[in-house]
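Please read the structure below before turning to the comments.
The values are calculated or read from the model by the stated rules, or taken from the named source; none is laboratory data. On a predicted model such as this, the values are computed, not experimentally measured, just so you know. Counting neighbours? That spans all protein chains shown, and the Cβs are built from the backbone with ideal geometry, glycine included. Side chains included, ligands, DNA and RNA excluded: accessible areas come from the protein's heavy atoms. Shrake-Rupley method; radii C 1.70, N 1.55, O 1.52, S 1.80 Å.
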Amino acid sequence: MSLRAALRNKHAVTGLFSQLSSCSSHVRVRGSPVLVTQQRKSSTTPRIKVEFNQSTGVAIMHMQSPPVNSLSLDFLTEFCIGVEKLEMDKSCRGLIITSSQPKVFSAGLDIMEMYGKSPERCGEFWRAVQEMWLKLYGSNMAIIAAVNGSSPAGGCLIAMTADYRIMADNPRFSIGLNETQLGIVAPFWFKDTMVNTVGHRCSEMALQIGLLYNPSEALRIGLVDQLVPEDQVLSTATQTMTKWLAIPDHARQLTKTMMRKPTIDKLTSSRETDIRHFVSFITKDSIQKSLAMYLEMLKKRKG
Amino acid sequence: MSLRAALRNKHAVTGLFSQLSSCSSHVRVRGSPVLVTQQRKSSTTPRIKVEFNQSTGVAIMHMQSPPVNSLSLDFLTEFCIGVEKLEMDKSCRGLIITSSQPKVFSAGLDIMEMYGKSPERCGEFWRAVQEMWLKLYGSNMAIIAAVNGSSPAGGCLIAMTADYRIMADNPRFSIGLNETQLGIVAPFWFKDTMVNTVGHRCSEMALQIGLLYNPSEALRIGLVDQLVPEDQVLSTATQTMTKWLAIPDHARQLTKTMMRKPTIDKLTSSRETDIRHFVSFITKDSIQKSLAMYLEMLKKRKG
Amino acid sequence: MSLRAALRNKHAVTGLFSQLSSCSSHVRVRGSPVLVTQQRKSSTTPRIKVEFNQSTGVAIMHMQSPPVNSLSLDFLTEFCIGVEKLEMDKSCRGLIITSSQPKVFSAGLDIMEMYGKSPERCGEFWRAVQEMWLKLYGSNMAIIAAVNGSSPAGGCLIAMTADYRIMADNPRFSIGLNETQLGIVAPFWFKDTMVNTVGHRCSEMALQIGLLYNPSEALRIGLVDQLVPEDQVLSTATQTMTKWLAIPDHARQLTKTMMRKPTIDKLTSSRETDIRHFVSFITKDSIQKSLAMYLEMLKKRKG
């Protein structure tokens, strides 16, 4: 899906690399209950829109990178800057992540970032993926994923880093780590995050055959926590957040750290090895070839 | 709940500290199928009543410390002595833990033991909590928790150390580790016990927001194993115990040790650090302040 | 069950030791969609029959050691040779394991191999059990267990090494690690495999009291993945295998290794210790005595 998306907006994506990373869309509006604003720099639309409600302490982060919120290097950079700013703001206690794109939460890693790129570039990309995970999974904020569309691969990873997952009950949506279907392999920290969410057995099967679950199945195995009608995903997330913020921050944060630190430490202590491993895998001729074939197939499907 | 209880019997509790620890209620009556006796020393009623049935090899331990079986230092001391005596008696193969108090199994750690106490006293208290967990979780006896009432925090911990949990199917009862709701944090070995019982994901959510589950929910997530009508909790526990004791002791014990030793070793090898950590946390001004506020709130609620 | 079986074919079993290990039933028939052949050497029927479909890349291994596919040393040797040959054949990508015996998948370890045998012989037997587990749990092939009958103890272990388990929906069949019911203890790697399949809590209870689950219960706890009518077990396995083989081998294999390597490494690094531990346990007078009593009981039951 990410690939299909990447193809659709191929020119846009490849034309925007690295010039957007300085474009922050993080907007703080103090003193008013809810205010939506959107920072625009030159002609570029931010890929992330942040609404922060000072009175509740809750920020809503809208992913709005057409068509399917693919996780390109630029997207990741912007995303991380957004999360970091909220993290450093003591008044922001909760974060809701959702999508402004129809039918998709995030289509996952942008395959165009892995196809035909230099090892250096691939490494830079992978470091950004790691950074996103580290920031989200280790966040002191209470995070709720308002999964209002399909969420394959990296999209599923974002959802799994949250403390609570609410998904739109639309049977056409799906969620899961489907990397093997493209001939690639989820790294150990994707795997660890999934095992922490749905257990060892479910992860073993889902990861091996790249399973995508519809919302009912995802609820059954615990990949999401709650299903609601499509138009209530965000409002339910907002209501749920009040329950999480009713708990004293220090107690909730210490507990979260106790649960997640061992998993986070595993990546922190091996980031460079993990990057080298990814780069050497993804730049293999055989892997590049299967990505090329996949891209070709999608082109034909479109035609 | 423990706090509310602590308030209700505040004077009783604070007046009884440390003088009861030598009062054992462990009573052995040999040669008769079931005999209930109760040791009374001076004017003090034992907090624990033990019935041992020599013919079945099963002991029933009734927690009977009004009003809500709060785990005070004295209660813990008496409890541990009771368990240790049974453990050393080769003829005792199974232990059923239940409550004599109406509507509550145990309300958990006695908050009065953590409020306004000296660091030394806090450390002594915490060591007793550790000791109770080590004795129960590492017991060679088959242990069944007959959860005939609410079981928050430390009460839930006791239940989780058992090999099997039967709960009264009364929707007004609840069970869970709700420490964060009071601004305190369950230590790593409470967490480990919960992860071993309901898995990583369930524990992560439940511990962060201090979830208390009603019996149906508790059954669904595996926090208890069986629900029965309130008046059948103890009889079901007794029947179930026969299944456990049908297994040769050595095979069952070796298997239990294989499952639990790694978790037990983690605390055994870091008891002093864990005590220091608890004392330094609980004696913080901010924590004492929030305990004080909580106590104040409960006083008003009573008034 | 294994014991009962062992008794039934006692003379056959004890008369065949070690002379069958060189009898391979692995048959490769190239160029035809499905061909069943069976190698016969002198008067001995192979305990394993392998059908390999060159066009699909899927082998079906039928266990056919009357009456109940007990895992004797000879059976294990033949089984391992069969698996190894398939493993080394690059054209074989998937393996389905099933039984040719009525009502039983495999009755588990042959107790006659543990009763009244020399320590050397016991050690040789145990090494073969380890070898079977290492080969199956670490296989690069996609393995599906077509569990068309009861599957206690070692039979359950074989099923749990598979990537997917389909069981016949016959309430008289059962599956589980019931070792403690015979007074013996499942070793840590049986336990690890079970924890990886059904989680810590389920394993702790099931292993302690040697639970055997009927198919519905096994499905509910995740010990099997799917129930189908008895006559559709093998056909469903074949259909399911196409889904597993739709995934590029390298991606599926790397993922499987990532999930299972830590568990496999634990045994690989302690095989000799594990063998010594088993031999010293099984040759104890008390254990031999309880095996003898069990054998006597079964004899009477038959008489």
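Observations, loosely collected:
- Estimated distance in nm for a label pair at A:Glu296 and B:Ala292, the labels positioned 7 Å out from Cα along Cα-to-Cβ: 7.5 nm
- The convex hull around the C-alpha trace of region B:222-270, projected and averaged over every direction, spans 5.0 square nanometres.
- Computed E for C:Thr273/B:Thr44 - FRET, C-beta separation, R0 60 angstrom, nearest 0.05: 0.70
- Counting from the shortest, the label point at B:Gln239, 7 Å from Cα toward Cβ, is 4.1, 4.1 nm from the same position in each remaining copy.
- The eigenvalues of the Cα gyration tensor, multiplied by 5 and square-rooted, give region A:179-282 an equivalent ellipsoid with semi-axes of 28, 22, 12 Å from largest to smallest.
- Closest-to-axis residue of chain A (Cβ criterion, axis taking A to B), whole Å: A:Gly199, 3
- Once you reduce region A:240-303 and region C:96-161 to the center of their Cα atoms, the two points are 38 Å from each other.
- Antiparallel beta bridges, as assigned by DSSP with both residues in region A:40-176, represent about 25 percent of the total such bridges.
- All C-alpha to C-alpha distances of the protein assembly as shown, sorted into 20 Å bins beginning at zero, yield P(r) values of 13, 40, 35, 11, 0 percent in whole numbers.
- Alpha-carbon Rg with Dmax, taken over region A:162-213, Å: 11.4, 30
- Of the three principal axes defined by the Cα atoms of region B:105-234, the extents in descending order read 43, 33, 27 Å.
- Computed over chain C, the per-residue total of -39500 (n - 2.57) for DSSP H runs of n ≥ 4 gives a 222 nm mean residue ellipticity of -15500 deg cm²/dmol, rounded to 500.
- Shielding by partners for peptide B:259-265, expressed as the average number of C-beta atoms from other protein chains within 10 Å of each residue's C-beta, is 2.
- Take each residue of peptide B:281-290, count the partner chain Cβ atoms within 10 Å of its Cβ, and average: the result is 1.
- Label point of A:Glu296 (7 Å along Cα→beta-carbon): distances to the other copies' equivalent points are 7.4, 7.5 nm, sorted ascending.
- Buried solvent-accessible surface, both chains (C, A), 1.4 Å probe, Å² to nearest 100: 1700 Å²
- Per-residue shielding of A:192-202, expressed as the average number of other chain Cβ atoms within 10 Å of the residue Cβ, stands at 5.
- With Cα atoms, 0 to 90° folded angle of helix A:249-268 axis to chain A main axis: 10 degrees
- Kirkwood's formula applied to the C-alpha pairs of chain C gives a hydrodynamic radius of 19.4 angstrom.
- Cα-based equivalent ellipsoid of region A:66-143: semi-axis lengths in Å, sorted from largest, via gyration tensor: 24, 17, 8
- Viscosity 1.002 mPa s, 20 °C: Kirkwood-radius Stokes-Einstein D of region B:234-303 over Cα pairs, µm²/s: 128 µm²/s
- Listing of region B:220-245 residues, each with accessible area lower by at least 40 Å² in the full protein assembly than in the chain alone (probe 1.4 Å): B:Trp244
- Relative packing of B:227-233, C:164-170, which averages over residues the other C-beta atoms within 10 Å, highest first: C:164-170, B:227-233
- Förster radius 56 Å - calculated FRET efficiency between C:Lys103 and B:Lys90 (Cβ-Cβ, nearest 0.05): 0.85
- Peptide packing for B:270-283, C:58-71, A:145-158, C:262-275 was compared via the average number of neighbouring C-beta atoms within 10 Å per residue; ordered from the highest value, the list is A:145-158, C:58-71, B:270-283, C:262-275.
- Within the accessible area of chain B (1.4 Å probe), percent carbon and sulfur: 55 percent
- Per residue, in Å², the accessible surface of the protein assembly as shown once ligands and nucleic acids are set aside, probe 1.4 Å: 38 Å²
- Distances in nm from A:Thr268 to the matching label points in the other copies, shortest first (labels 7 Å along Cα to Cβ): 3.0, 3.0
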